[in-house]
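Report on one structure; see the data block that follows.
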Amino acid sequence: MTTTRRDVLTAALTAAAGAAVTSDPSLAQQHDHDHDHEHQALPPDPALRVKALESILVAKGLVDPAALDALIDTYVHKVGPRNGARVVARAWMDSAFKQRLLADGTAAVAELGYGGDTLVVVENTAKLHNLVVCTLCSCYPWPVLGLPPVWYKSAAYRSRSVIDPRGVLREFGLELGDEVEVRVWDSTADLRYLVLPERPAGTNGMNEEQLAALVTRDAMVGVARVSPPAKETRV
Ligand code: FE
């Protein structure tokens with residue numbers, strides 16, 4: 001299976017870029033032994049594979065590069081975690097909205113103009129911490145968080161988040177006590193998750209815009225908490 005995929009990728013890269021790509025059938029066999037180096041003869045990461053596919057689709061006239069650029073620009077610059085941050089801040093300010101958000105995330109974020117995915121919102125509390133992953137690939141709530149970070153797509157995050165979520169969180173700098181239950185949510189193409197983080201202390205006088213500025217992408221994936229405003233932490 002692995003060898004087949006490698007062969008396909010090799011052919012794809014060669015056809016797309018005209019690049020000289022080494023196709024060594026012995027490479028697959030070398031994976032049977034222990035080693036700590038990476039083989040570089042074939043595309044090592046998803047970005048290269050995507051580039052190869054993109055090149056073929058463009059060459060065949062199936063995809064317009066300008067349309068692709070516009071799509072990527074939209075998600076990088078116009079859509080992004082700020083949308084999700086606005087959703088979170090609204091929920092912190094408006095308890096009725098928060099109830100609607102937890103009952104039907106899709107409908108509630110549509111109130112703010114964000115849509116496209118079936119969305120479930122899970123709330124973090126002092127006793128419960130939610131963590132979002134896509135074990136299969138990289139499903140992510142694009143309309144509210146934009147493009148997923150590289151680590152979200154990594155095999156390590158996807159596998160270890162379900163095996164050892166507390167260990168993964170520790171590596172992100174979040175140490176949870178035993179009294180906090182951890183729940184891991186596995187996203188799919190049909191169902192995406194957004195974490196509603198806990199509102200930090202020291203934010204009572206803040207308006208929605210100020211609150212939204214505190215909310216990070218990582219907190220909405222569940223690998224971090226929202227930190228209190230800087231002035232408050234010096235007390
Ligand atoms: Fe996925």
Quick one: give the max-minus-min coordinate of the C-alpha atoms of the range 174-235 along each principal axis, largest first, in Å.
41, 30, 15
Among GluC sites (Glu not before Pro) in the range 131-235, those in a DSSP loop whose Cβ has at most 11 other Cβ atoms within 10 Å are GLU175, GLU179
Need the C-alpha centroid separation for the range 188-210 versus the range 89-158, integer Å.
9 Å
Cut-off under 5 Å, modelled amide H: who pairs with TYR193 long-range:
VAL120
Amide H neighbours of HIS129 at under 5 Å, excluding residues fewer than 5 places away on the same chain, with H built from the backbone geometry, are GLU181, VAL182, ARG183
Classify the range 79-233: rounded, prolate or oblate, from the alpha-carbon gyration tensor (a ≥ b ≥ c, eigenvalue square roots; a/c under 1.5 rounded; otherwise prolate if a/b is larger than b/c)?
oblate
Determine the shape class of the range 77-119: with a ≥ b ≥ c the square roots of the Cα gyration tensor eigenvalues, call it rounded for a/c under 1.5, and otherwise prolate if a/b is greater than b/c, oblate otherwise.
oblate
Length gained, ALA110-THR125, 0.36 nm per residue minus C-alpha separation, equals 3.0 nm
Summed residue charge, Cβ within 14 Å of VAL109's Cβ, Lys/Arg positive, Asp/Glu negative
+2
Which shape class applies to the range 63-169: rounded if a/c is under 1.5, otherwise prolate when a/b exceeds b/c and oblate if not, where a ≥ b ≥ c are the square roots of the Cα gyration tensor eigenvalues?
oblate
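Computed from the coordinates by the stated procedures, all read-outs in this text should not be read as laboratory data. No experiment lies behind these values; they were computed from the predicted model shown. Quick reminder, even Gly has a Cβ in these numbers, built from the backbone with ideal geometry, and neighbours come from all protein chains shown.
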